[in-house]
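Got a structure here, written out as structure tokens. Questions coming.
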Amino acid sequence: MSDIADKKLADRGRMRIDWAESHMPVLREIRARFAKEKPLKGLTVAACLHVTTETANLMRALRDGGATMTLAASNPLSTQDDVAAALADEGIETYAIKGEDNDTYYKHLNAVLDTHPVITMDDGADLVSVLHSQREKQIDEIVAGTEETTTGVIRLRQMAAEGVLRYPIVAVNDTPTKRLFDNRWGTGQSTLDGITRATNILWASKVVVICGFGYGGRGLSTRARGLGAQVIVTEVDAVKALEATMEGFRVMPIADAARIGDIFITVTGDRDVLRREHFEVMKDGAILANTGHFDVEIDKPGLVAIAKGSREVRDHVMEYALGDGRRVYLLADGRLVNLAAAEGHPAVVMDMSFADQALSAEWVAKNHATLEKRVYDVPEDIDREVARLKLATLGIEIDALTPEQERYLSSWREGT
Ligand SMILES: NC(=O)c1ccc[n+]([C@@H]2O[C@H](COP(=O)([O-])OP(=O)(O)OC[C@H]3O[C@@H](n4cnc5c(N)ncnc54)[C@H](O)[C@@H]3O)[C@@H](O)[C@H]2O)c1
């Protein structure tokens with residue numbers, strides 16, 4: 001049965017879930033269809049996702065589609081305890097407590113796997129990883145899975161390349177209606193929201209160093225510039241670095257940026273992007289935040305090793321005193337700051353990501369018999385359908401190709 005922080009929070013959670021629902025019209029429409037058609041009837045689905053109001057709406061849609069749902073947190077700090085309580089109260093087994101330790105985190109992953117799911121839904125590939133390393137006997141029961149984030153997809157593609165991935169998985173992250181909006185506009189806004197809530201800083205005039213100019217980094221850089229910050233980008237990919245330069249951002253190595261930044265934000269999916277040699281040259285008062293999936297982007301052990309002491313000066317703000325009197329501030333213990341110190345992405349963005357998730361779950365439920373043990377892209381028609389529904393809910397119409405245009409665009413014979 002569920003393991004949550006406090007079941008008395010259920011009413012508050014329900015109200016917040018309903019608020020998110022009012023901003024998720026696409027998922028609402030899918031949920032209504034699922035309730036009629038029951039495409040997931042009889043299937044047990046184990047989800048490992050951030051336990052937020054938006055995720056709760058996805059759980060409700062899948063449940064109404066006929067699935068037996070269980071949910072575990074995909075990060076020890078991202079759980080919204082009132083949402084967990086509301087879901088548990090609605091009969092969706094939920095294993096998530098904000099601030100849970102590592103052992104509890106894995107105990108919770110194992111609890112959802114104990115339900116013997118046939119479909120897994122991951123954000124960071126932790127269920128897949130536990131199944132492939134510790135619960136191999138169970139893998140043959142699983143027909144397919146889905147994956148929500150970049151870091152998870154990277155791990156899964158690596159597993160497929162090494163020939164060790166034992167069931168098909170849809171890379172929901174990589175589909176345009178997810179990655180172009182959630183990773184960019186969602187991460188951009190919610191990360192700045194998390195840092196603002198934790199610190200109450202003014203962004204205008206600050207030197208903000210964004211490490212990584214992928215989908216997340218692009219969103220963050222433009223949002224930070226919009227608030228009046230002077231943005232510096234660091235990259236390891238020449239094309240991305242060039243793009244950032246053309247966008248008008250200063251680009252330089254982190255070793256140089258470390259000396260001049262006021263706020264550092266990592267969003268790379270990589271490890272040790274900010275490390276000891278960088279902490280050693282940072283300005284007094286520098287703020288460090290990570291919004292990449294795992295808490296390895298900022299080398300926390302390296303920071304602890306050079307600190308003379310530390311204390312929590314505000315919620316989610318840990319001060320590290322360095323020997324020479326300088327202080328640096330690590331937010332949310334180096335975990336995704338937008339989910340730990342704020343609420344994650346706005347519902348209106350997650351509406352599309354979770355519409356992709358719901359429709360991908362339906363797709364694998366229908367097609368798993370013919371799928372191979374590899375990573376699949378979300379079928380294009382699902383992506384188009386999500387975009388079409390979203391535009392419709394926004395009241396926006398677009399043009400259609402005329403027959404002549406269709407002929408022209410599919411022909412190579414016409415020229416000057
Ligand atoms: N916080 C959230 O809610 C949220 C949302 C979406 C994605 N994510 C996570 O954010 C991370 C990035 O996702 P993305 O979609 O932007 O990925 P991406 O692959 O589009 O971008 C990552 C970028 O980081 C760069 N990079 C790698 N190592 C670097 C280093 N040492 N220094 C500087 N740059 C480096 C890469 O070249 C790449 O351009 C992933 O871990 C992903 O799972 C978090």
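The values are calculated or read from the model by the stated rules, or taken from the named source; none is laboratory data. The structure presented is a predicted model; accordingly, all values stated were derived computationally and were not measured. Cβ coordinates were reconstructed from backbone atoms using ideal geometry, including for glycine residues, and neighbour counts include every protein chain displayed. Ligands, DNA and RNA are excluded from the accessible area calculation, which covers all protein heavy atoms including side chains. Shrake-Rupley method; radii C 1.70, N 1.55, O 1.52, S 1.80 Å.
Which one of these does Ile398 not meet: (1) open to solvent by less than 40 Å² (accessible area, probe 1.4 Å); (2) free of Cβ contacts under 8 Å to residues at least 12 places away in the same chain?
Failing condition for Ile398: (1).
Could you tell me whether Arg326 is free of Cβ contacts under 8 Å to residues at least 24 places away in the same chain and surrounded by fewer than 19 Cβ atoms within 10 Å (Cβ to Cβ)?
Considered against the rule, which asks whether it is free of Cβ contacts under 8 Å to residues at least 24 places away in the same chain and surrounded by fewer than 19 Cβ atoms within 10 Å (Cβ to Cβ), Arg326 comes out as no.
From the list Ala96, Ala47, which residue is surrounded by 24 or more Cβ atoms within 10 Å (Cβ to Cβ), within 17 Å of Ser360 (Cβ to Cβ), in contact (Cβ under 8 Å) with a residue 60 or more places away in the chain and within 20 Å of the chain's Cα centre (by Cα)?
Of the residues listed, the single one that is surrounded by 24 or more Cβ atoms within 10 Å (Cβ to Cβ), within 17 Å of Ser360 (Cβ to Cβ), in contact (Cβ under 8 Å) with a residue 60 or more places away in the chain and within 20 Å of the chain's Cα centre (by Cα) is Ala47.
Then there's this: Could you list, in sequence order, the residues of the stretch 176-191 that are open to solvent by 10 Å² or more (accessible area, probe 1.4 Å) and either more than 18 Å from Leu58 (Cα to Cα) or not charged (D, E, K, R) (or both)?
Pro176, Leu180, Phe181, Asn183, Arg184, Trp185, Thr187, Gln189
Out of curiosity, is Asp295 part of a loop (DSSP other than H, G, I, E, B) and surrounded by fewer than 13 Cβ atoms within 10 Å (Cβ to Cβ)?
Against the criterion (part of a loop (DSSP other than H, G, I, E, B) and surrounded by fewer than 13 Cβ atoms within 10 Å (Cβ to Cβ)), Asp295 does not qualify.
Given Ala355, Ala365, Ala369, which one is within 28 Å of Gly186 (Cα to Cα), of a type in the set (Gly, Ala, Ser) and either open to solvent by less than 10 Å² (accessible area, probe 1.4 Å) or assigned to a helix (DSSP H, G or I) (or both)?
Of Ala355, Ala365, Ala369, the one residue that is within 28 Å of Gly186 (Cα to Cα), of a type in the set (Gly, Ala, Ser) and either open to solvent by less than 10 Å² (accessible area, probe 1.4 Å) or assigned to a helix (DSSP H, G or I) (or both) is Ala355.
Is it fair to say Gly248 is assigned to a loop (DSSP other than H, G, I, E, B), out of contact with any Cys (no Cβ under 9 Å at 6 or more places or on another chain) and near the ligand (Cβ under 10 Å from one of its atoms)?
Here the answer is no, as Gly248 does not meet what is asked.
Give Leu242, Leu180 a once-over and let me know the one that is within 13 Å of the ligand (Cβ to nearest atom), within 22 Å of the chain's Cα centre (by Cα) and part of a helix (DSSP H, G or I).
Only one candidate qualifies: Leu180.
A follow-up question, please. For the stretch 201-233, which positions are part of a helix (DSSP H, G or I), touching a residue at least 24 places away in the same chain (Cβ under 8 Å), more than 10 Å from the ligand (Cβ to nearest atom) and open to solvent by 10 Å² or more (accessible area, probe 1.4 Å)?
Thr222, Arg223, Arg225
Could you give every pair whose Cβ atoms fall below 9 Å, whose first residue belongs to the stretch 266-279 and is touching a residue at least 60 places away in the same chain (Cβ under 8 Å), and whose second residue is of a type in the set (Asp, Glu) and within 11 Å of the ligand (Cβ to nearest atom), counting only separations of at least 6 or pairs across chains?
What qualifies is Val267/Glu297; Gly269/Glu297; Val273/Glu297; Leu274/Glu297.
Could we say that Ala289 is more than 16 Å from the ligand (Cβ to nearest atom) and surrounded by 15 or more Cβ atoms within 10 Å (Cβ to Cβ) here?
It is false that Ala289 is more than 16 Å from the ligand (Cβ to nearest atom) and surrounded by 15 or more Cβ atoms within 10 Å (Cβ to Cβ).
Which residues, counting only those in the stretch 384-416, are closer than 30 Å to Thr120 by Cα and in contact with a Leu (Cβ under 9 Å, 6 or more places away or on another chain)?
Glu385, Val386
Any residue at all in the stretch 340-358 that is more than 16 Å from the ligand (Cβ to nearest atom) and of a type outside the set (S, T, N, Q)?
yes
Could you say which residue among Val337, Val304 is more than 14 Å from the ligand (Cβ to nearest atom), at pLDDT 95 or above and of a type in the set (Val, Ile, Thr)?
Val304
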